[in-house]
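The values are calculated or read from the model by the stated rules, or taken from the named source; none is laboratory data. Because the structure is predicted, anything quoted here is derived from the model rather than measured. In this analysis, Cβ positions are derived from the backbone assuming ideal geometry, glycine residues included, and neighbour counts consider all displayed protein chains. Please note that ligands, DNA and RNA were not included when accessible areas were found on the heavy atoms of the full protein model with its side chains. Shrake-Rupley method; radii C 1.70, N 1.55, O 1.52, S 1.80 Å.
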Amino acid sequence: MSELEQQLTTLGFFRCHRSYLVNLQQIAELISYSRNSYTLILKNKSKLPLSRGKLTDLKALINF
């Protein structure tokens, strides 16, 4: 998975969880369910978990 992540990072993908790579252009919303629990909602209405450690990386990428 790490090798695939390295190849796809330059194409606009982000590893939001240890089991998920997501296309940044497909993210519609970031929802906080509690202080430490986040979910990404994609444009096709799919939901993906966001690791606590990846939140700051994602915010930096999307200029939040």
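List the residue pairs whose Cβ atoms are under 7 Å apart, where the first residue sits in region 22-34 and is among the small types (Gly, Ala, Ser), the second is open to solvent by 50 Å² or more (accessible area, probe 1.4 Å), and the two are 6 or more positions apart or on different chains.
Partner pairs satisfying both residue conditions: 28/43.
If you scan region 11-40, which residues turn out to be touching a Leu at 6+ places or on another chain (Cβ under 8 Å), part of a strand (DSSP E or B), open to solvent by less than 80 Å² (accessible area, probe 1.4 Å) and not aliphatic (A, V, I, L, M)?
Answer for region 11-40, where residues must be touching a Leu at 6+ places or on another chain (Cβ under 8 Å), part of a strand (DSSP E or B), open to solvent by less than 80 Å² (accessible area, probe 1.4 Å) and not aliphatic (A, V, I, L, M): 13, 14, 15, 16, 17, 38, 39.
So, of the residues in region 41-53 that are farther than 17 Å from residue 26 by Cα and not hydroxyl-bearing (Ser, Thr, Tyr), which turns out to be surrounded by the most Cβ atoms within 10 Å (Cβ to Cβ)?
52
Among (1) among the β-branched types (Val, Ile, Thr); (2) at pLDDT below 95; (3) surrounded by 14 or more Cβ atoms within 10 Å (Cβ to Cβ), there is one condition residue 62 misses while meeting the rest; what is its number?
It is condition (3) that residue 62 fails.
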